[in-house]
Amino acid sequence: MELVWGTCVAIDGRGVLLRGPSGSGKSDLALRVIDAGGRLVADDQTRLAREGSTLVAAAPDVISGQIEIRGIGIVPVDSVPRAPLVLVVDMVPVDQVERAPDPGSCEYLGLAVPLLGLAPFEASAPIKLRLALTSIASI
């Protein structure tokens, strides 16, 4: 098992780990994904476990089902206990998003996971996540 700093959401049952420093937009993007039908897996810290050739994301028990919203505090949200991790997204400033990036990856527990960078505060960020998942599924 590995504990990583990041927020994880599930879109159509597939986990997306959002990484970035405090204030970078992880929870903001997660809220918009949840509003569009996604589900929270974990906010701020995500437990990763390897199950065969699959990484599974889950929340530490103490924060399960909760998200921190700046200006409001910690609140309960619709969540799932776990999801297979299929994509990692780094929160980057809009001027650092590559127009047509080469496929990237990162590694957790000896398994490679596709990686991309997105500007989390763009209105299109949640749909970009859905489209990225679609393109991963077709590879």
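Below are the figures for this structure:
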read-out	value
Hits in region 3-58 (condition: over 18 Å from VAL75 (Cα atoms), of a type in the set (D, E, K, R) and modelled with pLDDT under 95)	ASP12
Segments classed as strands (runs of 3 or more DSSP E), wholly inside region 24-70, with at least 1 members that are more than 12 Å from the chain's Cα centre (by Cα)	45-51, 54-58, 66-69
Candidate set from region 92-123 (those that are of a type outside the set (A, V, I, L, M, F, W, C) and assigned to a strand (DSSP E or B)); member that is farthest from GLY6 (Cα to Cα)	GLY104
Single condition GLY73 does not satisfy, out of (1) at positive phi; (2) modelled with pLDDT of 95 or more	(2)
Matching entry among SER124, SER105, SER138, SER79 (being polar (S, T, N, Q) and modelled with pLDDT under 90)	SER138
In region 50-84, the residues that are β-branched (Val, Ile, Thr), in contact (Cβ under 8 Å) with a residue 24 or more places away in the chain and over 15 Å from GLY6 (Cα atoms)	THR54, VAL77, VAL80
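The values are calculated or read from the model by the stated rules, or taken from the named source; none is laboratory data. What you see is a predicted model, and the numbers here were worked out from it, not measured in a lab. Every residue, glycine among them, receives a Cβ derived from its backbone with ideal geometry; neighbour counts consider all protein chains shown.
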